[in-house]
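S.K.: One structure follows; several queries about it will come next.
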Amino acid sequence: MAAAMVPPFRLTRTVVVAAVVLVLACLWFAVGLLHKTPTLLGWLPLLVAVPLAARASWRASGEGRSYWRYASAGIVLIGLGAGSNAYDYLTGAQQGQHISGVTAAVYVTGLAVFLLGLLRIPGARRSGIEWTRFGLDIATVLVTVLTFTWHLAYPRWESWLGGGFADSASVLIVLAAGVICIFAFVKVAFTGTGPIDRRALHLLALTGAIGAGGGAFAPLLADKPYLNTAHVLLPACCLCLSLAADRQIRATQVGRPLPRPPMRRLSHMPYAAVLATGALLLSSAVERSADQLAIAIGSVTVTLLVATRQLVALRDNSRLLDDLDARQRELVHQAGHDALTGLANRTVLTREITAALADDPADVSVALIDLDDFKAINDDLGHAVGDELLTAVAATIENELPAGGVAARLGGDEYALLLRGDAARTLGAIACRLRRPVRAGDHELVVEASIGLAPAREGDSADEMLRRADVAMYEAKGQGKGRQVTYATAMDQRTAEQSRLAADLRTALDTEQLTLLYQPIVTMPGGELFGVEALLRWRHPERGPIGPDLFIPAAERTGLIVPLGAWVLEEACRQAVTWRSEMGAAAPTTVTVNVSARQLREAGFADDVAAVLCRTGLPPEVLTVEVTETAVFDGGTALTELRAIAALGVKIALDDFGTGHSSLGLLRTCPADVLKVDKSFVDDVTAGGPQAVVVAALIGICEGLGLRAVAEGVETAEQAAELQRLGYRYAQGFHYGRPMPAAAVADYRPAAAGRRVAA
């Protein structure tokens, strides 16, 4: 997440007052250049400028930014030095641009405090070799500045020495210390800043440049002893320091940006110093003899050639190091991003969520997007197509992502989003865009996704938000494909309950807590036994009977439905073989076993069915596999496996027909033998209306397509009579018999069933 932009400056009260003080000081100094002015008035602006800058620097200090306390103390000491300088002049102790040893000591101490604070910034730490280079660079620049100062002062040496050599030397000492500070500020500002804002350091470098650089012109005012460069330079420094402190405060309020990679820059300042000194030497030698001029030209030329050779070598080394840095940055990027899609990975996303929560938790949401039936695409079209689809979906998500959002791939077909603002609107746009055909390989694929959304709450962590989004996403999957659900606390209770049920269900598989009951499927009108449907039941040792409406969703979510379904299939087939052995011709003609969509998505499921038939010895035509129409509506692996099962000779029944997608085209593509009419239509069949019309239409379709129609949920004699009148010949429901143990199937009699229902 990129940090918010910080405006270049703002007009605070401190900045405005400091600017006004500087303008007044400049105007008074300009007057002094033309006319002699009272010296005291030149020092008075410092009484306002220095406290303002010290206060601004102190306000900028904070955790990890203790440098600003050093800056505050440094400017106070420099202000005290200016006060000592003014006292010396007003009492007659010093004249013109000269300063006493005490004043020089206070000035230098203030500069040293500035420098000490700067060198304590974490980003400014260097190795021993780097410190050596740093010192040599400072020495080079220092010699150059002192040489130029000498060149400016020499023509005015007699007037400038009016206060004595010691006082003039004090000025040079202060100037030298200031130059060191300038160079230190510039070096730090362009290499590493640690917790100090980079632009603030640039302003601090300008502060030092104004103070020490302007001081080099002090000898030019030797004929105007009532003026002092500090009259203008110190207010200017105070204004720059106030701007720098304000910049730091605003950068802290907006939010600290992510660390920038260190910049490898060649230091051009020593080379500039060599060039400037060479130019000064040549200009001075022109006035000398031809011999001295020739020697000066030769010396400068050799120096420039050596410097150029070194600069070329350093640039070549810098390019090699830049190549290494680029590779390192690439490795860092790879460590934080998904190799296939280029999206961030979980580590980066967690970091970004944590930063967003610290910034403004009320505006933060996390969403989880899981593609529906992605496994079928991988199985049917291959992993190469699946990878292209994942990449296309990632690009779609990124294109719809608003500013401040972050998209990540957590693995497989699961994406996570960090969102700000109206998250529901963004997710709606993403879901809408995903429903358009997506190009993957040579295929145009339509994608649906289950989306879970978790808005931030007080005290949230990144892991907690991802967990809640995951809970909401599974809730969306449970409601059907292409749904979007926002997290609610009640979901946690359901999830925890399903997790407990899934754990207990695994134990139930191993400890014979599960049983099968069989509900009769009868012929009409007599109600004779035609077949049975195997129904799974669970008696928990502590909680008693647990309904399938509770434990089947838990098994679906955890994947336990696959081994659970395998157990039901094997147990029902073994029981069917037992009935055929014991009951002979009276045994159920068919045994129906429910198969979940999750089982059908398992490649090789048809082979598992064939293996069970082989182990148990059950003829394939006795087994009926019952599936819901939604399980095979989208085709893919499920339909492929279903066709393979039909090829074995096993019958296929479509359950709950009319309540799902209700596509008549499915009857043409799915190898169905049986159509089971849902109970919701049967309930009102005697009352007429739309339900009765659907029931009548379905029997006509079944007769035309050669399918066996079974009416489910028949509970009354009136319903049975009406269904018989409409043409139904097979039925199932409490009117004919409730689910019963395997041993009771042999005793089933239509008359007994009627008496039980009537009772």
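S.K.: Identify the single condition in (1) at pLDDT below 90; (2) touching a strand residue (DSSP E or B) at 6+ places or on another chain (Cβ under 7 Å) that residue 520 does not satisfy, given that it satisfies every other one.
M.R.: Against the list (1) at pLDDT below 90; (2) touching a strand residue (DSSP E or B) at 6+ places or on another chain (Cβ under 7 Å), residue 520 comes up short only on (1).
S.K.: While we're here: Given the structure, is residue 591 of a type in the set (A, V, I, L, M) and not in a helix (DSSP H, G or I)?
M.R.: So residue 591 passes the test.
S.K.: Which of the residues belonging to segment 483-514 are in contact with a strand residue (DSSP E or B) (Cβ under 9 Å, 6 or more places away or on another chain) and either within 15 Å of residue 473 (Cβ to Cβ) or of a type in the set (Asp, Glu) (or both)?
M.R.: Once the filter is applied, which keeps residues that are in contact with a strand residue (DSSP E or B) (Cβ under 9 Å, 6 or more places away or on another chain) and either within 15 Å of residue 473 (Cβ to Cβ) or of a type in the set (Asp, Glu) (or both), segment 483-514 yields 483, 484, 485, 486, 487, 491, 504.
S.K.: Any residue at all in segment 703-725 that's among the hydrophobic types (A, V, I, L, M, F, W, C), assigned to a helix (DSSP H, G or I) and modelled with pLDDT under 90?
M.R.: Yes.
S.K.: Right, another one. Where the second residue is among the charged types (D, E, K, R) and the first is closer than 15 Å to residue 67 by Cβ and lies in segment 234-253, which pairs have Cβ atoms under 6 Å and are six or more apart or on separate chains?
M.R.: 247/197; 247/199; 248/197; 251/197
S.K.: What pairs come up if the first residue lies in segment 30-42 and is free of Cβ contacts under 8 Å to residues at least 12 places away in the same chain and within 15 Å of residue 232 (Cβ to Cβ), the second is outside any helix (DSSP H, G or I) and not charged (D, E, K, R), and their beta carbons are under 9 Å apart, counting only those six or more places apart or on different chains?
M.R.: Hits for this filter: 31/37.
S.K.: Kindly indicate the residue of segment 524-539 that is out of contact with any Leu (no Cβ under 8 Å at 6 or more places or on another chain) and surrounded by fewer than 18 Cβ atoms within 10 Å (Cβ to Cβ) and also nearest to residue 625 (Cα to Cα) among those meeting that condition.
M.R.: Across segment 524-539, the extreme among qualifying residues is 528.
S.K.: Could you list all residues from segment 369-385 that are under 27 Å from the mean Cα position of the chain (by Cα) and in contact (Cβ under 8 Å) with a residue 12 or more places away in the chain?
M.R.: Scanning segment 369-385 gives 369, 370, 371, 372, 373, 374, 375, 384, 385.
S.K.: For segment 570-581, name all the residues that are open to solvent by 50 Å² or more (accessible area, probe 1.4 Å) and closer than 23 Å to residue 674 by Cβ.
M.R.: 571, 574, 580
S.K.: Out of 546, 652, which single residue is of a type in the set (Val, Ile, Thr) and closer than 28 Å to residue 512 by Cβ?
M.R.: Within the list 546, 652, the selection yields 546.
S.K.: A further question follows. Which count do you get for residues in segment 357-370 that are over 22 Å from residue 470 (Cβ atoms) and crowded, with 18+ Cβ neighbours inside 10 Å?
M.R.: The qualifying residues number 0.
S.K.: What number of residues within segment 371-409 are at pLDDT 80 or above, aliphatic (A, V, I, L, M) and open to solvent by less than 40 Å² (accessible area, probe 1.4 Å)?
M.R.: 12
S.K.: Residues to consider are 30, 73, 18, 105; find the one that is open to solvent by less than 20 Å² (accessible area, probe 1.4 Å), part of a helix (DSSP H, G or I), at pLDDT 75 or above and farther than 30 Å from residue 353 by Cα.
M.R.: 18
S.K.: Now for a separate question. For segment 477-493, name all the residues that are of a type in the set (Lys, Arg) and at pLDDT 75 or above.
M.R.: Within segment 477-493, 477, 483 meet the criteria.
S.K.: Test of understanding: among 463, 470, which residue is in a helix (DSSP H, G or I), in contact (Cβ under 8 Å) with a residue 24 or more places away in the chain and within 20 Å of residue 559 (Cα to Cα)?
M.R.: Testing whether each residue is in a helix (DSSP H, G or I), in contact (Cβ under 8 Å) with a residue 24 or more places away in the chain and within 20 Å of residue 559 (Cα to Cα) leaves just 470.
S.K.: Let me ask you something else. Looking at segment 489-577, what strands (runs of 3 or more DSSP E) fall wholly within it and have at least 2 residues that are hydrophobic (A, V, I, L, M, F, W, C)?
M.R.: Result: 514-523, 529-540.
S.K.: Considering only segment 558-569, I want to know if a residue exists there that is surrounded by fewer than 13 Cβ atoms within 10 Å (Cβ to Cβ), free of Cβ contacts under 8 Å to residues at least 40 places away in the same chain and within 17 Å of residue 605 (Cα to Cα).
M.R.: Yes, there is a match, as at least one residue in segment 558-569 is surrounded by fewer than 13 Cβ atoms within 10 Å (Cβ to Cβ), free of Cβ contacts under 8 Å to residues at least 40 places away in the same chain and within 17 Å of residue 605 (Cα to Cα).
S.K.: Still on this structure, I have one more. If the requirement is being modelled with pLDDT under 95 and open to solvent by 60 Å² or more (accessible area, probe 1.4 Å), which of these qualifies: 631, 646, 603?
M.R.: 603
Condition check ((1) open to solvent by 50 Å² or more (accessible area, probe 1.4 Å); (2) of a type in the set (D, E, K, R); (3) in contact with a Leu (Cβ under 8 Å, 6 or more places away or on another chain); (4) more than 30 Å from residue 388 (Cα to Cα)) across all residues:
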position: 435; (1), (2), (3), (4): yes, yes, no, no
position: 467; (1), (2), (3), (4): yes, yes, no, no
position: 478; (1), (2), (3), (4): yes, no, no, no
position: 482; (1), (2), (3), (4): no, no, no, no
position: 500; (1), (2), (3), (4): yes, yes, no, yes
position: 506; (1), (2), (3), (4): yes, yes, yes, yes
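S.K.: For segment 10-25, which residues satisfy the criterion of being under 12 Å from residue 247 (Cα atoms) and in contact (Cβ under 8 Å) with a residue 40 or more places away in the chain?
M.R.: 10, 12, 15 - these are the residues of segment 10-25 that are under 12 Å from residue 247 (Cα atoms) and in contact (Cβ under 8 Å) with a residue 40 or more places away in the chain.
S.K.: Report yes if some residue within segment 323-332 is assigned to a helix (DSSP H, G or I), open to solvent by less than 70 Å² (accessible area, probe 1.4 Å), among the aliphatic types (A, V, I, L, M) and modelled with pLDDT under 65; otherwise report no.
M.R.: yes
S.K.: Consider residue 343 carefully, then state whether it is modelled with pLDDT of 85 or more, over 20 Å from residue 468 (Cβ atoms) and either in contact with a helix residue (DSSP H, G or I) (Cβ under 8 Å, 6 or more places away or on another chain) or not basic (Lys, Arg) (or both).
M.R.: Judged against the criteria, residue 343 is a match.
S.K.: Additional query: Just one of the numbered conditions (1) open to solvent by less than 10 Å² (accessible area, probe 1.4 Å); (2) part of a loop (DSSP other than H, G, I, E, B) is not true of residue 341; which one?
M.R.: (1)
The values are calculated or read from the model by the stated rules, or taken from the named source; none is laboratory data. Quantities reported herein were computed from a predicted structural model and do not represent experimental measurements. Virtual Cβ from ideal backbone geometry, glycine too; neighbours counted across all protein chains shown. Ligands, DNA and RNA are excluded from the accessible area calculation, which covers all protein heavy atoms including side chains. Shrake-Rupley method; radii C 1.70, N 1.55, O 1.52, S 1.80 Å.
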